[in-house]
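The values are calculated or read from the model by the stated rules, or taken from the named source; none is laboratory data. Everything numeric here is computed off the predicted structure, so don't read it as measured data. All Cβ positions, even for glycine, are placed from backbone atoms using ideal geometry, and neighbour counts span all protein chains on display. Heavy atoms of the whole protein, side chains included, go into the accessibility calculation; ligands, DNA and RNA do not. Shrake-Rupley method; radii C 1.70, N 1.55, O 1.52, S 1.80 Å.
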Amino acid sequence: MDAAEFRKRGKEMVDYVADYLEKIEKRQVFPDVEPGYLRPLISDCAPQDPESFEDVFKDIEKIIMPGVTHWHSPYFFAYFPAASSFPALLADMLCGGIGCVGFSWASSPACTELETIMLDWLGKMVNLPEEFLAGKDGQGGGVIQGSASEATLIALLAARTKTIRRVQSEQPELTEAEIMGRLVAYASDQAHSSVERAALIGAVKIKNVPSDDTFSVCGSALKKVLDEDKAAGLIPFFFCATLGTTPCCSFDKLLELGPICNKENIWMHIDAAYAGSAFICPEFRHLLNGVEFADSFNFNPHKWLLVNFDCSAMWVKKRSDLIGAFKLEPLYLQHHHQESGFSLWLQHWQIPLGRRFRSLKLWFVLRMYGVKGLQEHIRKHVRLSHQFEHLVLQDERFEICAEVVLGLVCFRLKGSNELNEALLQSINDAKKIHLVPCHLREKFVLRFAICSRTVESTHVKFAWQHISQLATDLLKT
C-alpha cells in the first residue's frame, strides 16, 4: 500500500468507523458466538502472497464483527464505561502515524513534554494539591500508565523499595530478604483484584481491611489491622484506598485513613479508576478530600473522560520515589540533555521502557470538549443513573443495594441469590442489553452502569422495561 492508496483506504475506514458508531444501537450488544468460533473462519497460516485491501475489509463484517461485544452501544450497561470520542480516535490515528517509541525525551521530545503538561492540565481540572503537579520546578508530576492495574503495581513496587531502604538504614543487621518477608500491603475487601495481583507480583503479603455498612474502609478498621500486624513483628508499608469500588462505587474514608498512613510511614495510593473523572465537577470534588495525605493517585480518563483506551493518569508527590525504584541507564539510553529535568525521563516511571504518544488523545479531547463539555458528559451519566434508580424504587419487587453516587446502580429482586442469578441469565440470554453482577456481602447483585457516550433516557427506560418484563416472566414460573 502506497501513500495514494492509503489516502483512499483511510477515508473508507473513517467512513466505516463513523457508520459503525452512528448505527451501533442497531447491532445486538452481545454476540451470538461460542468460544473457538473464530479459528474455523480463518486459514491456519498467514498468506504467502499479498491480499487486497478489499479482501481484508470485507472480512471485518464477515469474521470480526460477529464476535464483538459492542462496548459503545447505548444498550451496554456492564462493567464501567470504556471511553471513546471522535477527537480521541483522530488523535490515536496521528499517534500511529507518527509511530514514535517515546521512552525518553531524546527519543521524541514532544511525546514526553506534552504528556507532562497534559497531566498538569488534568491535575488542575480535579484540583489536585500543588505537590502532585510538575509545573516548572515541582517535585511531583504525572505520567500516563496503560491501566489502573499498572499504576497500583508501580506504586506498590516504589513503596516496597522505599520501605526496604528506610528499614535497612534503621536496622542494618536485617537483610533485604528478611525485610521482604515481613512487609504487608493492605486494601479494602471491596478493592479491585488488581491490588491483590500487584502484591503477588511484588512478592509481598496483602491483607484485606474490612469495610463498613457502606462498603467503605474507615480509619478504625485500618488501625486495628495495623496494630495487630505490628505486634506480630510485621512491617506495614502500603495501603491502596479505593474511590469508586468496582462492585458498588463506594468510597474509602481518606480523611481518616490518610493521617494514619502518614504517621505509620505507609505509602497511601488512591485508586479512583472510574470515579476520578467525576472530580472535574465541583459537586463531586469533595469525594477526593484527603488526597493531600496520599503519595500517589490514579484514575482512568479512558473510562469516563472520552479518551479511548489506553490512558490511565497517575500522579506522585515525589517523583524521586519512582525514579529511585526503577532507574537504570545503559549507555544506549543516555543523552546529553538527561540532567535537564525529570520530564525528560518518563521511562523511569513505568514497567515497560517504550511508550506510545498517548498524550495526544488527552490534548485533542481536552481542547475540543473543554472542561465544561466534559463536565456535562459526567453529569448526564449521573442523571441517567438516578433515573434508573428511581424506576427501580417504584417497583416494590426490587431493592437498591448501595448508595447511588455516580453512574452505577446496584439492584436486585427481593429474594434469593438463585432468583437473581436466573434474572441476570435471562437478561443476558436475550441480548437486548448487557449487565454483569457482583457480590455485596452474601447478596448476588446486578450492576447497571451508564456507559455509552450516546446513551439517552430512552435507552434507560427501554432497559428497565425489559428487565421488569423478564422479572415478571421469571416470577410466574
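List of remarks:
- Within segment 405-441, the set of residues being free of Cβ contacts under 8 Å to residues at least 40 places away in the same chain, over 21 Å from residue 246 (Cα atoms) and either open to solvent by less than 10 Å² (accessible area, probe 1.4 Å) or of a type in the set (D, E, K, R) (or both) comprises 414, 418, 429.
- Top-ranked residue in segment 134-162 [being open to solvent by 10 Å² or more (accessible area, probe 1.4 Å) and farther than 12 Å from residue 198 by Cβ; ranked as modelled with the lowest pLDDT]: 136
- Evaluation of residue 47 against (1) open to solvent by 40 Å² or more (accessible area, probe 1.4 Å); (2) outside any loop (DSSP other than H, G, I, E, B); (3) of a type outside the set (Phe, Trp, Tyr); (4) farther than 30 Å from residue 348 by Cα (one fails), failing number: (2)
- Filtered residues of segment 445-477 (kept if open to solvent by less than 20 Å² (accessible area, probe 1.4 Å) and of a type in the set (A, V, I, L, M, F, W, C)): 445, 446, 448, 449, 450, 451, 455, 460, 463, 467, 471
- Sole residue being more than 31 Å from the chain's Cα centre (by Cα), aliphatic (A, V, I, L, M) and at pLDDT 90 or above, chosen from 82, 88, 46: 46
- Residue in segment 54-67 that is of a type in the set (Asp, Glu) and assigned to a loop (DSSP other than H, G, I, E, B) present: no
- When 225, 217, 209 are checked against the criterion of being at pLDDT 90 or above, over 23 Å from the mean Cα position of the chain (by Cα) and closer than 30 Å to residue 443 by Cα, a single residue qualifies: 225.
- Condition check for residue 53: among the hydrophobic types (A, V, I, L, M, F, W, C) and either touching a residue at least 12 places away in the same chain (Cβ under 8 Å) or in contact with a Ser or Thr (Cβ under 7 Å, 6 or more places away or on another chain) (or both): yes
- For segment 123-134, the set of residues classified as touching a helix residue (DSSP H, G or I) at 6+ places or on another chain (Cβ under 7 Å) and either farther than 19 Å from residue 321 by Cα or of a type in the set (Gly, Ala, Ser) (or both) consists of 123, 125, 126, 127, 134, listed by residue number.
- Taking each residue of segment 289-317 that is closer than 14 Å to residue 122 by Cα and looking for partners that are of a type in the set (Phe, Trp, Tyr) and surrounded by fewer than 23 Cβ atoms within 10 Å (Cβ to Cβ) with beta-carbon atoms closer than 6 Å, six or more apart or interchain, yields 302/309.
- Any pair with Cβ under 6 angstrom, 6 or more apart, that starts in segment 84-95 at a residue that is among the polar types (S, T, N, Q) and ends at one that is not in a helix (DSSP H, G or I): 84/72; 84/308; 85/306
- Odd one out for residue 73, checked against (1) closer than 23 Å to residue 458 by Cα; (2) out of contact with any helix residue (DSSP H, G or I) (no Cβ under 9 Å at 6 or more places or on another chain): (2)
- Conditions (1) open to solvent by less than 10 Å² (accessible area, probe 1.4 Å); (2) farther than 25 Å from residue 162 by Cα; number of the one not met by residue 312: (2)
- Close pairs from segment 385-404: first within 24 Å of residue 216 (Cβ to Cβ) and open to solvent by less than 70 Å² (accessible area, probe 1.4 Å), partner assigned to a loop (DSSP other than H, G, I, E, B) and not basic (Lys, Arg), Cβ under 6 Å, at least 6 apart: 385/404; 385/407; 385/450; 389/404; 402/248
- Residue within segment 374-390 that is hydrophobic (A, V, I, L, M, F, W, C), at pLDDT 95 or above and touching a strand residue (DSSP E or B) at 6+ places or on another chain (Cβ under 8 Å) present: yes
- Test: residue in segment 121-142 that is under 25 Å from residue 98 (Cα atoms), part of a helix (DSSP H, G or I) and touching a Leu at 6+ places or on another chain (Cβ under 8 Å): yes
- Here residue 200 clears all of (1) modelled with pLDDT under 95; (2) surrounded by fewer than 20 Cβ atoms within 10 Å (Cβ to Cβ); (3) under 30 Å from residue 412 (Cβ atoms); (4) of a type outside the set (Asp, Glu) except the condition numbered (3).
- Pairing each residue of segment 274-285 that is open to solvent by 10 Å² or more (accessible area, probe 1.4 Å) with any residue that is of a type in the set (A, V, I, L, M, F, W, C) and in a helix (DSSP H, G or I), provided the two are 6+ apart or on different chains, yields C-beta distances under 6 Å for 284/278; 285/279.
- Residue in segment 101-115 that is among the small types (Gly, Ala, Ser), in contact with a helix residue (DSSP H, G or I) (Cβ under 8 Å, 6 or more places away or on another chain) and either within 24 Å of residue 306 (Cα to Cα) or open to solvent by less than 10 Å² (accessible area, probe 1.4 Å) (or both) present: yes
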